[in-house]
1. Mind checking which residues of the range 175-205 are over 19 Å from Gln158 (Cα atoms) and either in a helix (DSSP H, G or I) or of a type outside the set (Asp, Glu) (or both)?
2. Output the residue which, of all residues in the range 88-105 that are in contact (Cβ under 8 Å) with a residue 12 or more places away in the chain and surrounded by fewer than 20 Cβ atoms within 10 Å (Cβ to Cβ), is nearest to Asn8 (Cα to Cα).
3. Return the pair list, or none, for Cβ contacts closer than 6 Å from residues in the range 25-52 that are outside the structural domain of Lys99 (by TED's automatic domain parsing) and within 16 Å of Leu107 (Cβ to Cβ) to residues that are basic (Lys, Arg) and at pLDDT 90 or above, at least 6 apart or on different chains.
4. If a residue must be farther than 27 Å from Met75 by Cβ and surrounded by fewer than 17 Cβ atoms within 10 Å (Cβ to Cβ), how many such residues does the range 1-26 contain?
5. In the range 18-36, which residue that is assigned to a helix (DSSP H, G or I) and hydrophobic (A, V, I, L, M, F, W, C) is nearest to the chain's Cα centre (by Cα)?
Amino acid sequence: MTMDFGNNLKKLRKEKNLTQEELAECLNMSPQTVSKWENNLSVPDIAVLPMVADFFGISLDSLLLHDASQRKQEMKEFAGHIHDLADNGNMAQAYETLKESLGKWALSASMNHLMSWAAFKYSKEKIGEERTNLLEEALMYADRSIMLDGGETSKTAQAKMTKCYCMADLGRTSEAIKIAGTLPSLFSSRERVLALISDGSEQKSYAETALQFLEEIKTEMERIL
């Protein structure tokens, strides 16, 4: 059964026959904090999660339900829905839908990056303070995505890209350039390497993907020139 973090925490607490107040005392937290966790109004700090898992005698993956294939599929389908809304010109709905549901996915690097991307895209439809607030929000979610990812996968690079675009729009160009300097070069891209080391149909598929990206980049650069 797929559950969110809050419901899983509530289930674990009840299995130990603890009240929210008793669990809060054991974790050296306030009852209000535990209540917010269980109702998905907030999530524990990354540094606190191992302590919570240790208290219940389970792995961090079990606490976060990372081993639930159904949950991963649900997340994939939900992200697809958000992209469909955006692609059909409903960026406001995509942003609001994602934000309303983020409590369920708050500990996912992918979903935090998606929230960052949505806030950035939505900022294009706003002006003044509303636009600035959305850009700042996008930066916050990008940072959270990077922290949750641990800098280990392409999600970190994607979140850094979003940060660069947001900072540039906020007039913080020098900061954006500094971050952009830490990103992989086009020459060392994943698609290029995979195309060169694979064979058969996979090699052709990787090469086609690389060429598709190059065509998109070419179009963007031609607009600048």
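The values are calculated or read from the model by the stated rules, or taken from the named source; none is laboratory data. Worth saying up front: this structure is predicted, and the values here are computed from it rather than measured. For neighbour counting, all protein chains shown are included, and Cβ atoms are generated from backbone atoms with ideal geometry for every residue, glycine included.
1. Residues satisfying the conditions are Ala195, Leu196, Ile197, Ser198, Gly200, Ser201, Glu202, Gln203, Lys204, Ser205.
2. Once the filter is applied, the top-ranked residue is Gly103.
3. Cβ pairs passing all conditions: Glu38/Lys10; Ser42/Lys36.
4. 8
5. Val34
Listed here are the residues, each with its yes/no results for (1) of a type in the set (S, T, N, Q); (2) closer than 27 Å to Leu98 by Cβ; (3) in contact with a helix residue (DSSP H, G or I) (Cβ under 9 Å, 6 or more places away or on another chain).
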residue	(1), (2), (3)
Ser145	yes, yes, yes
Gly150	no, yes, yes
Ile179	no, yes, yes
Ser189	yes, no, yes
Gly200	no, no, no
